[in-house]
1. Among the residues of the range 224-251 satisfying the criterion of being polar (S, T, N, Q) and crowded, with 21+ Cβ neighbours inside 10 Å, which is nearest to residue 198 (Cα to Cα)?
2. I'm trying to understand the selection: among the residues of the range 17-48, which are closer than 15 Å to residue 59 by Cβ, in a helix (DSSP H, G or I) and open to solvent by 30 Å² or more (accessible area, probe 1.4 Å)?
3. Take the residues of the range 125-163 that are among the hydrophobic types (A, V, I, L, M, F, W, C) and open to solvent by 40 Å² or more (accessible area, probe 1.4 Å): which is farthest from residue 90 (Cα to Cα)?
4. Just give me the residues in the range 81-112 being among the hydrophobic types (A, V, I, L, M, F, W, C), without any contact (Cβ under 8 Å) to a residue 40 or more places away in the chain and open to solvent by 10 Å² or more (accessible area, probe 1.4 Å), in sequence order.
5. Considering only the range 191-218, state which residues are of a type outside the set (Val, Ile, Thr), modelled with pLDDT of 90 or more and either farther than 23 Å from residue 51 by Cβ or open to solvent by 10 Å² or more (accessible area, probe 1.4 Å) (or both).
6. I'm trying to understand the selection: among the residues of the range 56-80, which are open to solvent by 10 Å² or more (accessible area, probe 1.4 Å) and modelled with pLDDT of 70 or more?
7. Sort through 168, 194 and tell me the only one that's in a helix (DSSP H, G or I) and of a type in the set (D, E, K, R).
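The values are calculated or read from the model by the stated rules, or taken from the named source; none is laboratory data. Everything numeric in this text was worked out from a predicted model, so none of it was measured. Cβ placement follows ideal geometry from the backbone for every residue including glycine, while neighbour counts extend to all protein chains displayed. The accessibility values were calculated without ligands, DNA or RNA, using every heavy atom of the protein model including side chains. Shrake-Rupley method; radii C 1.70, N 1.55, O 1.52, S 1.80 Å.
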Amino acid sequence: MFAAERRQLILEMVRANGAVSLRELARVVQTSEVTVRRDVRALEAEGLLDRRHGGAVLPGGFTRESGFPQKSHLATAEKTAIADLAAGLVDEGEAVVVGAGTTTQELARRLARVPGLTVVTNSLLVAQALAHANRVEVVMTGGTLRGSNYALVGSGAEQSLQGLRVSRAFLSGSGLTAERGLSTSNMLSASVDRALVQAAAEVVVLADHTKLGTDTMFQTVPTDVITRLVTDEPPPHDERALTELQALADQGVQIAVAGPGAGSGPAGGEGGPAGPGRQQPRLGGPPPARGTEDGLPLPGPRRNHPHPPGPGPGATLRGGMPLAEQPGGRVADLAPRRR
């Protein structure tokens, strides 16, 4: 395929989807990511699209949010691996919050096998994924339906979360930076996400590497409120993503990196959620404080809580296996520089 043909196809894909990752573009045009990156630069110079970390968007994409049909086709393998690893953080009998998004929807499909679980969500897609799960209770917020991502937003959603107490919140977004934390392109979604965070003792962000270093309009979770980040392995040449991961670790965020073998986790492990196939990543540092009666972490604002130390090379999963030998994921070997 000639360069002109490749670039025309790339432009058509971006116009159709709003945003496309470099990996997906390389797969469709059947060339390397290096070549695609060069094509994207050329198209950006002509003002036909904007480059974003790990992909390309329509001009003005900083304020534009892709709809669910477009998002569901982006970084699908990465989202699956992230969901597999994140599901290992949830124990039987817990109460958790799961926000809206395509990655959190993948997580919900895996949580369907965790017995005794209570999931609070403002996402119709998350609720649908759990609708037929045995021994999983789903609690939905009120609010107004936002059709582009099938989420309930507005004052009704925020008010229904008042007084809620859960162990942790799992959230996604449009971008993640060490400077501003998690952000999204929609004001109503950002406001509900902030309410979800206030109900949780700790916050787990699910974000594939294409979102690292991307900043969007509305901040949802400041960096000092994020307890953990579950992401995928950035390409070796992606210095921006690697730099952002280090910066997040420097600020006390515990980082778990999902590997290509993460599919052996709760979605397909032997013996179901409690069986030996289930991954339970222990991210670097001491475990969070536990309540004395129900075994759940005590909720409350985290801004005044000290962060545990960042993950180091010696961190292991709960089973004691060195992280380098775990098939499904690992804690990134990122030691905070400013400790």
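1. Let us first name the residues in the range 224-251 that are polar (S, T, N, Q), namely 227, 231, 243, 246, 251.
If we keep only those that are crowded, with 21+ Cβ neighbours inside 10 Å as well, we get 227, 231.
Working: 227: 13, 231: 23 Å.
Among those that are polar (S, T, N, Q) and crowded, with 21+ Cβ neighbours inside 10 Å, it is 227.
2. Quick first cut of the range 17-48, residues closer than 15 Å to residue 59 by Cβ only: 17-20, 40-48.
This time we only want the ones that are in a helix (DSSP H, G or I), so: 17, 40-45.
Once the filter is applied, which keeps residues that are closer than 15 Å to residue 59 by Cβ, in a helix (DSSP H, G or I) and open to solvent by 30 Å² or more (accessible area, probe 1.4 Å), the range 17-48 yields 17, 41, 44, 45.
3. So the first thing to find is which residues in the range 125-163 are among the hydrophobic types (A, V, I, L, M, F, W, C), and the list is 125-127, 129-131, 133, 136, 138-140, 145, 151-153, 157, 161.
Pick out the ones that are also open to solvent by 40 Å² or more (accessible area, probe 1.4 Å) and you get 131, 138-140, 145.
Values: 131: 18, 138: 15, 139: 17, 140: 19, 145: 28 Å.
Applying the filter and picking the extreme gives 145.
4. The answer is 112, and nothing else.
5. Across the range 191-218, the qualifying residues are 191, 193, 194, 195, 196, 198, 199, 200, 201, 202, 206.
6. Residues satisfying the conditions are 57, 58, 59, 76, 77, 78, 79, 80.
7. Working: 168 fails: in a helix (DSSP H, G or I).
Just a single option satisfies the conditions, and that option is 194.
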